[in-house]
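Working notes, beginning with the structure itself.
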Amino acid sequence: MTNFSKILAMLLLACSLVVGSAGQDVATNEPSLRFVFMTDLHARTEWETPAALARAAAAINEEGPDLVVVGGDLITDGFQSSAASVEPRWDAYLAMQKLIAAPVWAAIGNHDLVAAIPEDGTAPAADPRGIFRAKLDVEETYRSFDTNGYHFILLDSIRVIGGNLKYEGRIVPEQLEWLKTDLRKVDTNTPIVLVTHMPFLTTFFQETEGGLANAPKNRIIVNGPETLRLFRNHNLILVLQGHTHINELIRTRDITYITGGAVCGKWWRGDWFGTQEGFGVVTLRGNKVEWDYQGYGWTARRPEGE
Ligand SMILES: [Fe+2]
């Protein structure tokens with residue numbers, strides 16, 4: 001080997017140690033993945049919010065993630081509105097999604113059900129999830145996919161109940177059956193990431209209302225333990241959640257629960273309990289989870305009282 005080819009070989013080796021093969025950590029031979037989790041965009045057209053969404057998309061692209069996972073509430077107030085009135089909000093969301101270079105996988109939030117219980121006198125939709133499925137071009141609101149050695153499951157955590165609370169967080173029986181079938185196809189060692197709009201676990205109510213405060217049933221998944229028991233013989237490492245708009249990380253036993261703040265912050269009014277308008281970068285190495293929440297430099301323009 002000539003000196004030149006020796007140097008070239010060393011350089012190539014050094015490069016491969018840094019970059020590694022796609023989706024694998026060379027040092028440990030474990031799977032790895034770096035992606036963005038953004039949630040609660042509440043896309044709409046007022047107060048220059050489409051410009052905010054474009055800025056968020058640019059900041060996400062700068063991170064160069066392998067993919068982007070969305071935790072629901074893509075648009076705002078679909079639940080109590082007619083389909084026609086929220087059409088521009090879907091346009092605003094989809095315009096932002098188009099700006100994102102990486103593949104996008106989105107879970108459904110309560111605001112993304114359209115005309116579930118309309119407040120303008122129009123008839124409720126026969127299927128309030130139909131527009132979400134059509135806009136995102138997906139067959140079902142709950143689904144799964146595999147990438148870089150990880151199994152991702154997106155849940156539909158909303159159940160319409162009417163009354164004062166209007167909806168609750170619940171994984172309904174039909175979906176639990178689907179989940180059992182899905183998990184049968186997943187190797188017991190494969191790290192699993194679960195994505196849900198309603199949280200399985202949050203400290204938000206104890207933190208803001210007092211140590212004895214419970215989450216009301218429209219703020220949490222009421223059958224969380226029943227659902228998580230299905231993962232008993234699997235390697236669930238991470239649960240990504242939305243809904244409360246706070247940036248929160250809870251690690252209990254071997255599972256990390258992250259609530260991913262909100263792209264819209266306090267519904268476009270600035271920060272919410274100290275969480276600014278932003279998104280997070282998740283780095284997975286084997287079963288290890290790192291989380292870095294960051295703002296994208298937006299100053300709220302929603303006027304007082306609106
Ligand atoms: Fe939300």
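Give region 91-110 a look and list any residue that's out of contact with any strand residue (DSSP E or B) (no Cβ under 6 Å at 6 or more places or on another chain) and either open to solvent by 20 Å² or more (accessible area, probe 1.4 Å) or not β-branched (Val, Ile, Thr) (or both), or say none.
Result: Asp91, Leu94, Ala95, Met96, Lys98, Leu99, Ala101, Pro103, Gly109.
I need the full set of residues from region 207-244 which are under 16 Å from Leu194 (Cβ atoms), open to solvent by less than 20 Å² (accessible area, probe 1.4 Å) and more than 16 Å from the ligand (Cβ to nearest atom), in order please.
Passing the criteria: Asn223, Gly224, Thr227, Phe231, Leu236, Ile237, Leu238, Val239.
Please determine, by comparing only the residues of region 53-81 that are part of a loop (DSSP other than H, G, I, E, B) and of a type in the set (Asp, Glu), which one is farthest from His243 (Cα to Cα).
Per the criteria, the residue is Asp66.
Got at least one residue in region 102-116 being touching a residue at least 12 places away in the same chain (Cβ under 8 Å), part of a helix (DSSP H, G or I), within 16 Å of the ligand (Cβ to nearest atom) and not polar (S, T, N, Q)?
yes
Can Val36 be described as in a strand (DSSP E or B), in contact with a helix residue (DSSP H, G or I) (Cβ under 6 Å, 6 or more places away or on another chain) and either open to solvent by less than 40 Å² (accessible area, probe 1.4 Å) or not basic (Lys, Arg) (or both)?
Yes; evaluated as a whole, the condition is true for this residue.
Could you give me the residue pairs with C-beta distances under 8 Å whose first residue belongs to region 240-257 and is closer than 16 Å to Val69 by Cα, whose second residue is in a loop (DSSP other than H, G, I, E, B) and more than 14 Å from the ligand (Cβ to nearest atom) wherever it lies, and which are 6+ apart or on separate chains?
Gln241/Phe200; Gln241/Leu201; Tyr257/Phe200; Tyr257/Leu201
So is Thr208 under 20 Å from Gly274 (Cβ atoms), of a type in the set (S, T, N, Q) and outside any loop (DSSP other than H, G, I, E, B) or not?
yes
Could you check region 226-301 for strands (runs of 3 or more DSSP E) lying wholly inside it with 2 or more residues that are of a type in the set (Phe, Trp, Tyr)?
In region 226-301, 288-295 are the strands (runs of 3 or more DSSP E) which contain 2 or more residues that are of a type in the set (Phe, Trp, Tyr).
Just checking, how many residues over region 117-139 are touching a residue at least 24 places away in the same chain (Cβ under 8 Å) and either of a type in the set (D, E, K, R) or crowded, with 18+ Cβ neighbours inside 10 Å (or both)? Talk me through it step by step, then tell me what you get.
Within region 117-139, the first condition is being touching a residue at least 24 places away in the same chain (Cβ under 8 Å), and the residues that meet it are 117-120, 122, 125, 128-129, 131-132, 135-136.
Those still in the list that are either of a type in the set (D, E, K, R) or crowded, with 18+ Cβ neighbours inside 10 Å (or both) too: 118-120, 125, 128-129, 131-132, 135-136.
Summing the residues that are touching a residue at least 24 places away in the same chain (Cβ under 8 Å) and either of a type in the set (D, E, K, R) or crowded, with 18+ Cβ neighbours inside 10 Å (or both) in region 117-139 gives 10.
Tell me which residues, restricted to region 117-148, are away from the ligand (no atom under 16 Å from the Cβ) and not in a loop (DSSP other than H, G, I, E, B).
Passing the criteria: Gly130, Ile131, Arg133, Ala134, Lys135, Leu136, Arg143, Ser144, Phe145, Asp146, Thr147.
The values are calculated or read from the model by the stated rules, or taken from the named source; none is laboratory data. Source: prediction; values computed, not measured. Counting neighbours? That spans all protein chains shown, and the Cβs are built from the backbone with ideal geometry, glycine included. The area values use the complete protein model at the heavy-atom level, side chains included, leaving out ligands, DNA and RNA. Shrake-Rupley method; radii C 1.70, N 1.55, O 1.52, S 1.80 Å.
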